[in-house]
Amino acid sequence: MEQTRLRELEDQCIQECQPPCVARCPVHVDVRGLTAAIAAEDFQGAVRIFTRTVPFPEIIARTCDQPCQANCCRQTVGGSIEVAALELSCLRQSHFEMSKPTLLPQKDARVAVIGSGLSGLTAAFDLSKKGYQVTLLEVEDRLGGRLWQFPESVLPPEVIRRETEIIRQTGVEVCLNELVDGRFVTEHAFDAWFLDVGEHGLIPFDLTRDEQHRLRIDEYTFQTSQANVFSARNWNSTILSLSEGKRAAISIDRFLQNVSLVASRVNEGAYDTRLVTNITAVDSRPVVPTSSILDETSPEGAIAEAKRCLQCDCMECVKVCEYLKHYGSYPKKYIREIYNNLSIIMRTRTANKMINSCTLCGLCGEVCPTDLDMGAVNREVRQTMVKTSKMPISAHDFALRDMAFSNGNRAALTLGANGGSTCQSLFFPGCQLAASNPEYIPQLYQSLSSVLPEVGVMLRCCGAPADWSGEEESFTQTMKEFERQWLALGKPELLLACSSCLSMFKKHLPDVATRSVWDVLVEHRLYSPRTDLKAPLAIHDPCTSRYEKDWQDAVRTLVGGLGVEIRELEMSRSLTECCGYGGVAWLAHPELVKDIVKRRIGEDDASFLTYCVMCRDLLAAEGKPTLHLLDLLYGQNLPQLAARKGPDYSQRHENRLRARQKMEKIIAGKDQLMPESYEKYTLLLSPEMRALIEDRLILVEDVQKVIEHAETSAERFINQENGHTLAFFKPNLITYWVEYSQEEDRYLIHDAYSHRMELEGGDSHE
């Protein structure tokens, strides 16, 4: 992926943006960190955080107008955090004393600061720390400027004297009672000047002024019309004055180093953050009284107030996504982790597994304030990996072979109305319905054909596994083959039972008219109320129906017509959660998929109802009684249907063949499915062995092919101790090994395994 694209995606994530309290603070005091430290009873740590950006902490704590509190996300749910009181509290509880700051090696350049208001003091402090020779010139006999105008009850004189004294400790030369006029400027050579003289103070330079006779000062750099002269803008706010001094010091440093004064200075001073914090579920907790916060004998009040801080962040996607939670990543961090070094990261097993474990469901994008869809990111990554031959074969091979089977000569079927070559409507049940519940396909077809003229059928896969796997070429070919057959049928309207199929066709073949079978059933009232289901069902929307309101509405209307009570899950419709099947995640990370399912089924104690076969099977596999909508339409013994486990991988192939046989017989009156040669080898599989090959993604037909190859080619090994035969067969990139023994005309399977490996370079026998 291009670096430009990478930066765009990173920037779209707002998790690392500052909270409003920090962003609106002109010097960006880390309020979030400060409150966290106090909440943890670490007052010394809180002081370190506070003084990191504030050189005169008690002055600011006492006099700041607190833009942080004005922008606190808590203000509507209990009141803003009392930041000022907490700042002062941590100073008192830690018995804070000013210490000499660390200084950089001294530079040759000399800077004069005229005026010792808070801007001048800060500029002098910061420039001295950077190693410049700083002279502070004050016309009065004391430091502090307008700080002395505060009432003693707010800012005691001893606080001003104590905190301004730190200037001398940094090595700043302090000159009191010094009137700086034009003669002084002429007689003293300084490389740069900073003015903090107030609105009516003496300015010993001929500087450009505006119509109101105010100095023209650059709002970003604080530079005047004379290049080496910088000036404060005489804010009445102490925190703004502090900020001006810090920002001016940066500009003077850059000026003296002859580098750009404006480059890379984004978000200096107060700014509007992009961070969004969801407070809808936040409890209202009242503000702790200031007297309790400032109680020097008891820190409990400060700790309680600090714990009210929401520790603002976004993390909306992580809150709803088990995948992001599992990998401990929010999108910005996740994207960096994947892409910072493509050539290395994409070659590691950990990164490959992480990339392929996303379900691509899109919920993260739905809840994200900036619409960042990590599913779309992961799909793009997979496409890149496939194109650059960095996608491991094992990542998606099984799913792609399963898709190929669905679209192969044995399982696929395309018939026009009455077995002809054209039709007005085309029933497309989807490969998973055929795999899991083949018995419903003929019943649903007969319902549709009873009210619609000239209904044909197409049994095949829409290509979703290839799209999810990043296999663009394979997916394109699948779509082209569908389109070719669809055109040959006369461009019929597509009647869909699977929302995954719908999402594929709508996105990639928008000219194909689509309609849900649920809509047809509702329109023509092709249902009868059930009387055998009294308890309500919690309805689970498939994630691929997220933006298909018409589908969702039709399903709910249909369920209502059946007389079944449903209740909505908290995460439903556009906010529905994936069952774990999407994106082929079930193949890459089955343990994570189990966690996804457990999270979903834990949302409601009721039995579930869904209209996606794979959702039903995965939910039921973890013990949640779950019905498919077709169970309500055509099924008997609903408790048994809700509790049933889905078919294994081998049975799914067999079911697709059954579905084809049945539909071909109903529509065309034919039954032309011929058995494969390997099917004559009858296997004896214990339940344990059946489970083992399922876990290893080995099909019964794979085992049969190995035995056929061994028995017809004699390429096999015989264990002389137990008489077992060990044989292998490599029909593709996968080599299958089977240990078996023959019992009359059947073959008892003792073990089976496979490996997906290719050796690059050299002869195959080496």
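Every number here is computed from the coordinates shown, using simple stated rules; none is lab data. In this text, all values refer to a predicted model and were calculated from it rather than measured experimentally. Cβ: placed from backbone, ideal geometry, glycine included. Neighbour counts: every protein chain shown.
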Give me the net charge for the shell around Arg546: Cβ to Cβ below 9 angstrom, other residues only, Lys and Arg +1, Asp and Glu -1. -2
Just rank His28, His540, fewest to most, by other beta-carbon atoms within 10 angstrom. His28, His540
Please report the net charge: other residues with Cβ closer than 11 Å to the Cβ of Gln15, K and R +1, D and E -1. -1
DSSP loop (so not H, G, I, E, B), at most 16 other Cβ within 10 Å: list which GluC sites (Glu not before Pro) in the range 658-692 pass both filters. Glu676
Ellipsoid semi-axes in whole angstrom, largest first, where each is sqrt(5λ) of the Cα gyration tensor of the range 110-256: 22, 18, 15
Using alpha-carbon positions, what is the distance between the centroids of the range 354-377 and the range 506-560, in Å? 25 Å
DSSP loop (so not H, G, I, E, B), at most 11 other Cβ within 10 Å: list which GluC sites (Glu not before Pro) in the range 76-184 pass both filters. Glu97, Glu152
How much mean residue ellipticity at 222 nm does the chain get from its helices, if each DSSP H run of length 4 or more adds -39500 (n - 2.57) and you divide by all residues, to the nearest 500 deg cm²/dmol? -12000 deg cm²/dmol
Principal axis box of the chain, alpha-carbon based, largest edge first, Å: 113, 68, 55
When Trp468, Trp737, Trp486, Trp551 are ranked with the fewest other C-beta atoms within 10 Å first, the list becomes Trp737, Trp486, Trp551, Trp468
Residue-wise, which Karplus ³J(HN,Hα) couplings in Hz belong to the range 443-454, taking 6.51 cos²θ - 1.76 cosθ + 1.60, θ = phi - 60°, and x for glycine or proline? 5, 5, 4, 5, 4, 5, 6, 6, 10, 10, x, 6
Dipole magnitude of the chain, debye to nearest 20 (Cβ charges: Lys/Arg +1, Asp/Glu -1, about Cα centre): 860 debye
Show which aspartates and glutamates lie in cross-link reach of Lys325 when reach means a straight Cα distance below 13 angstrom and same-chain residues fewer than eight apart are skipped. Glu316, Asp595
Determine the principal axes of the Cα atoms in the range 308-440, then give the extent along each, sorted from largest to smallest and rounded to whole angstroms. 68, 39, 23
Semi-axes, largest first, in whole Å: what does sqrt of 5 times each Cα gyration tensor eigenvalue give for the range 526-679? 28, 22, 15
Once you have the alpha carbon radius of gyration of the range 677-756, what is it after dividing by 2.2 N^0.38 Å, with N set to its residue count? 1.00
Rounded, prolate or oblate: which one fits the range 233-279, using the alpha carbon gyration tensor with axes a ≥ b ≥ c (rounded when a/c is under 1.5, else prolate when a/b beats b/c, else oblate)? oblate
With a cap of 11 neighbouring Cβ atoms within 10 Å, and only residues DSSP puts in a loop, list the GluC sites (Glu not before Pro) found in the range 537-599. Glu570
Grab the Cα-Cα distance for Ser528 and Asp210, subtract it from 0.36 nm times how many residues apart they are, and report the gain in nm with one decimal. 106.2 nm
So how far, in whole Å, is the C-alpha centre of the range 657-711 from the one of the range 89-149? 84 Å
Distance between the range 387-447 and the range 620-654 - C-alpha centres, whole angstrom: 19 Å
Please figure out what share of the DSSP beta bridges in the chain is antiparallel and state it in percent, rounded to the nearest 5. 40 percent
Along each principal axis of its Cα atoms, how long is the range 316-391 end to end? Whole angstroms, biggest number first, please. 33, 21, 18
Around Glu138, with a cut-off of 14 angstrom between Cβ atoms, what is the net charge of the other residues, counting Lys and Arg +1 and Asp and Glu -1? -2
So in the range 99-229, what percent of DSSP beta bridges are antiparallel if you round to the nearest 5? 5 percent
Can you list the lysines whose alpha carbon is less than 27 Å from that of Lys670, not counting same-chain residues fewer than 8 positions off? Lys491, Lys662, Lys680
For a quick check: sort Phe56, Phe729 by the number of other beta carbons within 10 angstrom, fewest at the front. Phe729, Phe56
